[in-house]
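Accompanying notes for the structure given below.
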Amino acid sequence: MTSTIREKPSPNHDERPPGGLVDILILHYTGMRTAREAIDRLRDPEAQVSSHYVVDEDGAILRLVPEDRRAWHAGVSYWRGHTALNGRSIGIEIVNPGHEWGYRDFPALQMAAVCDLCLSILSRHPIPARNVVAHSDVAPDRKEDPGEKFGWEDLARNGVGLWPTRVPGTGTTGAIRDATGLRPVRAALGGIGYRVEPEGPFDPALAIVLRAFQRHWRPEAVTGLADRGTVARLEGVAALAKGGQ
């Protein structure tokens with residue numbers, strides 16, 4: 001059962017595109033020193049940013065924008081062939097100071113509330129598991145949130161998002177750098193949903209996307225390298241995404 005949701009309206013929203021589906025759920029961290037600062041900014045007309053929900057560290061949930069309206073949370077974004085994702089997504093901001101202000105673990109009460117809220121949203125919208133993503137997934141060149149401390153694996157065990165089971169997570173050796181060897185790596189990233197060139201050697205652009213993948217699915221080794229363990233996880237997630245989950 002989702003915790004009681006308190007209304008804290010933000011003026012920063014507009015109409016969704018006509019006839020569009022809500023088929024993506026994007027999770028963020030607030031990335032500000034306090035919850036109050038973050039909430040004030042998300043409700044400031046001059047900031048022109050917002051989210052549908054905010055989940056505080058004690059599990060309290062605020063609704064800033066109704067789900068049938070377009071909140072302004074994703075910015076320049078891409079996932080599975082779609083751009084400008086605000087029009088087709090719901091955004092949840094999760095209170096955490098983030099990498100700039102003292103990134104820390106997400107408390108158990110907060111994660112439980114996030115899980116319940118996500119399940120409630122998924123019950124109302126046709127959002128497949130492969131479209132439950134991080135802000136860093138849809139904007140890897142700009143964003144790191146919610147980051148490598150976020151409990152994606154536990155969420156997936158409870159029906160929110162994807163996590164490959166029985167896939168080895170060890171092995172940081174054997175990083176692939178040549179174009180031929182990276183072709184299946186690039187194909188797997190593209191199949192999951194990232195925007196990545198299908199051909200080419202190891203370069204900074206690929207490293208950025210690999211770090212985004214690792215923050216979500218290989219948090220123990222956020223290196224930006226296509227090492228043995230990362231390739232195994234990539235193959236596992238890509239197989240689940242291809243299956244339509």
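The values are calculated or read from the model by the stated rules, or taken from the named source; none is laboratory data. What you see is a predicted model, and the numbers here were worked out from it, not measured in a lab. Heavy atoms of the whole protein, side chains included, go into the accessibility calculation; ligands, DNA and RNA do not. Shrake-Rupley method; radii C 1.70, N 1.55, O 1.52, S 1.80 Å.
Amide hydrogen proximity for residue 16: with H placed 1.01 Å from N in the peptide plane, the residues at 5 or more positions away or on another chain lying under 5 Å are 70.
Using θ = phi - 60° in the Karplus curve 6.51 cos²θ - 1.76 cosθ + 1.60, the 3J(HN,Hα) couplings for the range 15-30 round to 6, 6, x, x, x, x, 8, 9, 10, 9, 10, 10, 9, 10, 10, 6 Hz; x is entered for Gly and Pro.
Taking only protein heavy atoms and a 1.4 Å probe, the accessible area of the chain is 51% carbon and sulfur. Please find, in a Gaussian network model of the chain (springs between Cα atoms separated by less than 10 Å), the residue of 37, 100, 199 whose mean-square fluctuation is greatest. In this elastic network of the chain, the residue with the biggest mean-square fluctuation among 37, 100, 199 is 100. Of all aspartates and glutamates in the structure, the ones whose alpha carbon falls short of 20 Å from that of residue 8, not counting any fewer than 8 places away in one chain, are 37, 40, 44, 46, 56, 57, 58, 67, 68, 93, 116. Of the residues 83, 30, 180, which exhibits the maximal mean-square fluctuation in a Gaussian network model of the chain defined by a 10 Å Cα contact cut-off? Most flexible of the set in this elastic network: 180.
Protein heavy-atom accessible surface, 1.4 Å probe, per residue over the chain: 46 Å². Cα extents for the chain along the principal axes, largest to smallest and rounded to whole angstrom: 52, 38, 33. Comparing mean-square fluctuations of 191, 81, 224 from a GNM of the chain with C-alpha springs under 10 Å, the top value falls on 81.
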